[in-house]
Amino acid sequence: MSNLNTPVENLKGVGEKTAKLFEKLRIHSYDDLLNHFPADYIDYSEPVSVTDVKEGEISTVRGCVSRLTGPVKAGRYSVLTVYLKEGLHILEVTFFNQPYIKKMIKPGGFYLFRGKVVQKGAKLVMVSPKLFKEDEYRELLKCPVPKYPLTAGLSSKTVQKAVKAALTDTEWDEEIFTGSILNDAGIISHKDAVYGIHLPEDHDDILKARKRLAFEEFFNFIMLLRKNRSLSVSLPNEYKMIETADTKRFSEALPFKMTSGQKKTWDQIKDDLSGDYCMNRLVQGDVGSGKTLIAVLALLMTAANGYQGALMAPTEVLAVQHFKTISDYIKKYGICFRPVLLIGSMKAADKREAYAKIASGEANLIIGTHALIQEKVVYKDLALVVTDEQHRFGVRQREALAEKGGQPHILVMSATPIPRTLAIILYGDLQLSAIHELPGGRKPIKNCVVGTSYRPSAYKFFGEQISQGRQVYVICPKTESDEEDEGELENAADYANRLRDILPNARIEYLHGKMKPDVKNDIMNRFAAGDTDILVSTTVIEVGINVPNATVMMVENAERFGLAQLHQLRGRVGRGEHQSYCIFVSSKEDDTTMERLKILNDTNDGFKIASEDLRLRGPGEFFGVRQSGEFAFRIADIYSDSELLEKANEVCDKLLGDDPGLSKPENALIRKSIEEYAARSELLQSI
């Protein structure tokens, strides 16, 4: 038997080549592999005949092959067509770039094909299905089959075999929770949960497994927050500041007045910076509520007091945009910033120059990405760090900065609309400020919720907007097609190619998170500069790109996203002077789905939408796009699992009430689990 730290290469069937593919998914050990949870499950149903096939559904057809044609060349594709016939009914089955299929099929033979059936003119066509043998398919009918996140060259079947081997070979650690905690929380053991999530016999197994794993994830996360909270409360203010005339002159010179929410938040921050304890504050505000202005004012007060401030953005593109915005403020209003930019893609010589200015104090404002907290950066007097929620400062980052001298104030800016009850738990280490109003002069975004039949009208509207000099986002839930996609979800790569055929004169690019950082930056920069008309993207654009000229967003498979995330995505448009529009396309048009999405028509208030999301999303609704941003847990979801989050919070409070340092022998395993979780979280933050 092996322990959880055993390398995956030790598994039977995992050679050097497969191990390198696993490395791309950050899977190095048995533990990594068993924590690589399925993204979804496939329920294989009984095969149907050609006469019972229905348009728009994914199904498995058992049919007799009447004839084959091809493969023939059609542009970039090699097309093989198989005809299934039953009486007068014919189903065309089309394979792209799979010429070897012809050797596997013979006319007159019966075969099983699984895929999505679409209507093309008067005929029904199944596109790019999977081909099964009868006995192979019978095995799949027994239980849900996991679909894993993959990388190019690695199949779900390979992952499934490796997981089964690891489960068989693993020597399990002792259960960390007592029987009373398990019973009180209504959860199963960790070992049973890992088996249930990877090898479920039915959906009940999956739900029980997911509940335990989500609870454990929340529990560890909240325990780390409690540690942060105890540190932040006791930290003395080493950088006491006074309000100078600089911030007042700057705010009065702006061509608009701050909202009441901005004014209240700014007053709270001023009190923090001049108070007895180090600031550790979250400013929670809807997209476009003016949080960045508050950050600039806080940084300006820091610079005016003779200290350094740092502004950390989630992407290089946004960091560059912040740098340009603040440089414009300096020219226009004469404020006392001496900024430098520090991002990973800069040349070595430029980085060295920036390091020197930071170390000497010549630069009093440093703008960049996570490069700002790397060990090469030495600050002279870093008094304030303003960070996006994706770069929350944990204990280790605070300690790293302290080693460089002093404990800086921390200001976290969040556009994630979380109901206050959840925010108190999730941001328990931070003081909370909220900005609810939007600045005056913004035109409300016009929304519509539609089915897939609306696409031709939407594409026509794209063309009209582009002809007026505007730009368009299209959001897809998937990066690219994979072997088990079955046409259910739209993917960015294929969608961009289809749009190029429909709108040949439009400049179209696609973007996804698996691209190299410099490639992503180039694509986003071209879109921001107006050199691209339509950007087809995954949710990677949810943060980090500000293009006031973009007036249209269309979200495909909108039913697969939480309402709060759809609202976040919608915030990428409506940022300029022109009227903006958001089109939510649902591939499911049942009343429940459409009614849920229409909530987005009724309000642009992210906090109201988050509350509705919390109310409507049930605990079983987890086969979809994961929540993104700061709280992108591996398996838990802050909305659909809100009751579980509160239960984990209660358990944490009770344990810490009895044993504040978790130093008692009976809590040793819990302490070890939290330490391991902290190490994993730190690794993920540094990537």
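Among the residues of region 110-140, write down those that are under 32 Å from the mean Cα position of the chain (by Cα) and of a type outside the set (S, T, Y).
R114, G115, K116, V117, V118, M126, V127, P129, K130, L140
How many residues are farther than 17 Å from T247 by Cβ and modelled with pLDDT of 90 or more when one looks only at region 278-301?
Let us first name the residues in region 278-301 that are farther than 17 Å from T247 by Cβ, namely 278, 280, 282, 284-289.
Right, trim to modelled with pLDDT of 90 or more and you get 278.
Here the count works out to 1.
With respect to T178, is the statement that it is among the hydroxyl-bearing types (S, T, Y), exposed (fewer than 15 other Cβ atoms within 10 Å of the Cβ) and not assigned by TED's automatic domain parsing to the domain that holds I269 true? Please lay out each step first, then the result.
Numbers: among the hydroxyl-bearing types (S, T, Y): yes; exposed (fewer than 15 other Cβ atoms within 10 Å of the Cβ): yes; not assigned by TED's automatic domain parsing to the domain that holds I269: yes.
Criteria met by T178.
From the list G361, G368, G334, G344, exactly one residue is more than 34 Å from the chain's Cα centre (by Cα) and surrounded by 14 or more Cβ atoms within 10 Å (Cβ to Cβ). Which is it? I'd like the intermediate steps shown before the answer.
Numbers: G368 fails: more than 34 Å from the chain's Cα centre (by Cα); G334 fails: surrounded by 14 or more Cβ atoms within 10 Å (Cβ to Cβ); G344 fails: more than 34 Å from the chain's Cα centre (by Cα).
Among G361, G368, G334, G344, only G361 is more than 34 Å from the chain's Cα centre (by Cα) and surrounded by 14 or more Cβ atoms within 10 Å (Cβ to Cβ).
Looking at K240, K263, can you tell me which residue is assigned by TED's automatic domain parsing to the domain that holds C336, surrounded by fewer than 18 Cβ atoms within 10 Å (Cβ to Cβ) and either of a type in the set (A, V, I, L, M) or not in a loop (DSSP other than H, G, I, E, B) (or both)?
Numbers: K240 fails: either of a type in the set (A, V, I, L, M) or not in a loop (DSSP other than H, G, I, E, B) (or both).
Going through K240, K263 in turn, just one is assigned by TED's automatic domain parsing to the domain that holds C336, surrounded by fewer than 18 Cβ atoms within 10 Å (Cβ to Cβ) and either of a type in the set (A, V, I, L, M) or not in a loop (DSSP other than H, G, I, E, B) (or both): K263.
Could you give me the residue pairs with C-beta distances under 6 Å whose first residue belongs to region 664-678 and is in contact (Cβ under 8 Å) with a residue 24 or more places away in the chain, whose second residue is surrounded by 14 or more Cβ atoms within 10 Å (Cβ to Cβ) and in a helix (DSSP H, G or I) wherever it lies, and which are 6+ apart or on separate chains?
Taking only residues 6 or more apart or on different chains, the pairs are I674/N220; I674/M223; Y677/N220; A678/L224.
Have a look at L422, L438 and point out the one that is more than 25 Å from G576 (Cβ to Cβ) and touching a residue at least 60 places away in the same chain (Cβ under 8 Å).
On the way: L438 fails: more than 25 Å from G576 (Cβ to Cβ).
Just one listed residue meets the conditions, L422.
Go through (1) assigned to a helix (DSSP H, G or I); (2) surrounded by 14 or more Cβ atoms within 10 Å (Cβ to Cβ); (3) at pLDDT below 90 and name the single condition P149 misses.
Tallying (1) assigned to a helix (DSSP H, G or I); (2) surrounded by 14 or more Cβ atoms within 10 Å (Cβ to Cβ); (3) at pLDDT below 90, P149 fails exactly one: (1).
Identify the single condition in (1) assigned to a helix (DSSP H, G or I); (2) in contact with a strand residue (DSSP E or B) (Cβ under 6 Å, 6 or more places away or on another chain) that K103 does not satisfy, given that it satisfies every other one.
So K103 meets the others, but not (2).
Answer yes or no: is there a residue in region 585-603 that is in contact (Cβ under 8 Å) with a residue 60 or more places away in the chain, closer than 15 Å to Y473 by Cβ and within 21 Å of the chain's Cα centre (by Cα). Steps first, answer last, please.
Just the residues of region 585-603 that are in contact (Cβ under 8 Å) with a residue 60 or more places away in the chain, to begin with: 585-587, 589, 594, 597-598, 600-601.
Right, trim to closer than 15 Å to Y473 by Cβ and you get 585.
So of that shortlist, the ones also within 21 Å of the chain's Cα centre (by Cα) come out as 585.
Checking region 585-603: at least one residue is in contact (Cβ under 8 Å) with a residue 60 or more places away in the chain, closer than 15 Å to Y473 by Cβ and within 21 Å of the chain's Cα centre (by Cα).
Being assigned by TED's automatic domain parsing to the domain that holds L426 and surrounded by 21 or more Cβ atoms within 10 Å (Cβ to Cβ) narrows it down to one of D350, D328, D388, D381, so name that one.
After applying the criteria, what remains is D388.
Taking the condition assigned to a strand (DSSP E or B), in contact with a helix residue (DSSP H, G or I) (Cβ under 6 Å, 6 or more places away or on another chain) and either modelled with pLDDT of 85 or more or not hydroxyl-bearing (S, T, Y) (or both), does V472 pass?
On the way: assigned to a strand (DSSP E or B): yes; in contact with a helix residue (DSSP H, G or I) (Cβ under 6 Å, 6 or more places away or on another chain): yes; either modelled with pLDDT of 85 or more or not hydroxyl-bearing (S, T, Y) (or both): yes.
Answer is yes for this residue.
Here's the yes/no breakdown for (1) touching a His at 6+ places or on another chain (Cβ under 6 Å); (2) at pLDDT below 80:
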residue	(1), (2)
S580	no, no
F584	no, no
T593	no, no
G606	yes, yes
L616	no, yes
G629	no, yes
S640	no, yes
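Quick one: in region 256-289, which of the residues that are farther than 10 Å from I435 by Cα and polar (S, T, N, Q) is nearest to the chain's Cα centre (by Cα)?
N280
Can you go through E666, E650 and tell me which one is outside the structural domain of A610 (by TED's automatic domain parsing), over 12 Å from M223 (Cβ atoms) and modelled with pLDDT of 90 or more? Break it down into steps so the answer makes sense when it comes.
Values: E666 fails: modelled with pLDDT of 90 or more.
Unique residue meeting the criteria: E650.
Every residue in region 306-318 that is surrounded by fewer than 23 Cβ atoms within 10 Å (Cβ to Cβ) and of a type in the set (G, A, S), please.
G306, the sole residue that qualifies.
Please determine, by comparing only the residues of region 638-676 that are in a helix (DSSP H, G or I) and of a type in the set (S, T, Y), which one is farthest from the chain's Cα centre (by Cα).
Of region 638-676, the ones in a helix (DSSP H, G or I) are 642-658, 665-676.
Then drop every residue that is not of a type in the set (S, T, Y), which leaves 642, 673.
On the way: S642: 18, S673: 25 Å.
Only one residue fits best here, namely S673.
Only residues that are among the polar types (S, T, N, Q) and without any contact (Cβ under 8 Å) to a residue 12 or more places away in the chain: list them for region 143-178, please.
First, the residues of region 143-178 that are among the polar types (S, T, N, Q): 151, 155-156, 158, 160, 168, 170, 178.
Once the filter is applied, which keeps residues that are among the polar types (S, T, N, Q) and without any contact (Cβ under 8 Å) to a residue 12 or more places away in the chain, region 143-178 yields only T168.
When you check D286 against the structure, is it buried (at least 21 other Cβ atoms within 10 Å of the Cβ) and over 16 Å from I410 (Cβ atoms), yes or no? Can you show your working first?
Working: buried (at least 21 other Cβ atoms within 10 Å of the Cβ): yes; over 16 Å from I410 (Cβ atoms): yes.
When the stated conditions are applied, D286 passes them.
Which ones in region 1-16 are surrounded by fewer than 19 Cβ atoms within 10 Å (Cβ to Cβ) and either outside any loop (DSSP other than H, G, I, E, B) or free of Cβ contacts under 8 Å to residues at least 24 places away in the same chain (or both)?
S2, P7, E9, N10, G15, E16
The values are calculated or read from the model by the stated rules, or taken from the named source; none is laboratory data. Bear in mind that the values here come from a model prediction, so they are computed numbers and not experimental data. Don't worry about glycine lacking a Cβ; one is built from the backbone with ideal geometry, like all the others, and counts go over all protein chains shown.
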